[in-house]
Number of protein chains: 2
Amino acid sequence: MTNYTEKLRNSGLRPTKQRLQICEVLFDTEKTFHFTINELEQKIKDKTNNKISLATVYNTVHAFEKKGYLKQIPINSDQTYFDTNVTDHHHFYDLNEEKLIDLENSDVGPISIKRKINGKKIKSVEVLVKLED
Amino acid sequence: MTNYTEKLRNSGLRPTKQRLQICEVLFDTEKTFHFTINELEQKIKDKTNNKISLATVYNTVHAFEKKGYLKQIPINSDQTYFDTNVTDHHHFYDLNEEKLIDLENSDVGPISIKRKINGKKIKSVEVLVKLED
DNA sequence: ACACTTATTTAGAATCATTATAAACTACGA
DNA sequence: TCGTAGTTTATAATGATTCTAAATAAGTGT
């Protein structure tokens, strides 16, 4: 159980009850994980017996994303997927089961990007490997 | 001006007026391009002075995708992006301008995926390089 | 060309994720 | 404790996408 109050305050976010609870659900875990907003809402209900408004869940997730505590996973789905693993890493996407699987950085060889765009710098390089049966 | 009638028939799709017009807009071009459904609808209006129902545009795009004439670009956006370039290739995504830019295969070094999932085979490997100012 | 079956198109309704609204509430510094 | 700015909330609004069911067009056999 980490103390998230400081972490939030340091990023200019007030440590409200709701945000602290969401922090626990998101970050008090051994492993990082992927989720949609709806899955997160369910997890919160399960873990805290405490309903947080859907609007707040959206607000908080977006605030955390902006601060770099979460990131969106670029994938075509009707729902947006987020990842608590904010390090640069890659994914398998199982097309048949519609499931995302993290790849370790050591699972993918180095990637060299040879082209440059003037005035732009590379923020991230992510690989999506689609799998089928 | 290619003849798309055969192409459609060969894939089990009836060559209707609407589908042929959409083919012209999508494939009668020097270069491949990216589009959303709304952009495509606009392009059709501009090029053919002929309104095609939005439902038909959706149906057709999905049919073409299933047949492999189009593919979705995995990116987090409120609208789905499609690409007329169906070869395996990579993208820059300019975060500031929210614009996609194709990368040539020669712009990216070879990518080795070292991990395997039992019973699954790799369908595609795509890199998304996010750019910022 | 005709009749018949099946695919396709269409407008409009329905769905569903996400965002906006605006009123009530809360954190926090003075 | 007060005041203010930030948050939460229920609910409404938005907007992309899908569904529906009726009208139309294409393909097939005669």
- Query: Is it the case that A:Ile37 is in contact with a His (Cβ under 8 Å, 6 or more places away or on another chain), outside the structural domain of A:Val127 (by TED's automatic domain parsing) and either more than 12 Å from DNA strand D (Cβ to nearest atom) or not aromatic (Phe, Trp, Tyr) (or both)?
  - Reply: no
- Look through A:Asp46, A:Asp78 and report the one residue that is farther than 25 Å from A:Arg9 by Cβ, near DNA strand C (Cβ under 10 Å from one of its atoms), at pLDDT below 95 and among the acidic types (Asp, Glu). A:Asp78
- Task: Scan the stretch B:1-33 for residues that are among the aliphatic types (A, V, I, L, M) and within 12 Å of DNA strand D (Cβ to nearest atom) and jot them down.
- Result: B:Leu8, B:Leu13, B:Leu20
- Query: Does any residue in the stretch A:7-27 that is over 15 Å from A:Thr84 (Cβ atoms) and within 14 Å of chain B (Cβ to nearest Cβ) come within less than 9 Å, Cβ to Cβ, of a residue that is assigned to a loop (DSSP other than H, G, I, E, B) and more than 9 Å from DNA strand D (Cβ to nearest atom) six or more places away or on a different chain, and which pairs are these?
  - Reply: none
- So B:Thr32 clears everything in (1) touching a residue at least 24 places away in the same chain (Cβ under 8 Å); (2) within 12 Å of DNA strand C (Cβ to nearest atom) except one condition, right? Which one? (2)
- Residues of the stretch B:11-26 satisfying the condition of being within 12 Å of DNA strand C (Cβ to nearest atom) and assigned to a helix (DSSP H, G or I): B:Lys17, B:Gln18, B:Arg19, B:Leu20, B:Gln21, B:Ile22, B:Cys23
- Positions within the stretch B:102-120 being within 7 Å of chain A (Cβ to nearest Cβ) and either touching an Asp or Glu at 6+ places or on another chain (Cβ under 6 Å) or hydroxyl-bearing (Ser, Thr, Tyr) (or both), in sequence order: B:Ser112, B:Lys114, B:Arg115
- Message: Let me spell it out: the conditions are (1) surrounded by 12 or more Cβ atoms within 10 Å (Cβ to Cβ); (2) more than 10 Å from chain B (Cβ to nearest Cβ), and A:Ser53 meets all of them except one. Which number is the exception?
- Response: (1)
- Task: May I ask you to say which residue of A:Ile122, A:Ile111, A:Ile117 is part of a loop (DSSP other than H, G, I, E, B), without any contact (Cβ under 8 Å) to a residue 24 or more places away in the chain and surrounded by 13 or more Cβ atoms within 10 Å (Cβ to Cβ)?
- Result: A:Ile111
- Note on the structure: Scanning the stretch B:57-78 for residues that are more than 9 Å from DNA strand D (Cβ to nearest atom), surrounded by 14 or more Cβ atoms within 10 Å (Cβ to Cβ) and either assigned to a loop (DSSP other than H, G, I, E, B) or away from every other protein chain (no Cβ under 14 Å) (or both) gives B:Thr60, B:Ala63, B:Phe64, B:Lys67, B:Tyr69, B:Leu70, B:Pro74, B:Ile75, B:Asn76
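The values are calculated or read from the model by the stated rules, or taken from the named source; none is laboratory data. From a predicted model like this one, the values you see are computed outputs, not experimental measurements. FYI the Cβ positions are ideal-geometry reconstructions off the backbone, even for glycines, and counts take in every protein chain you see.
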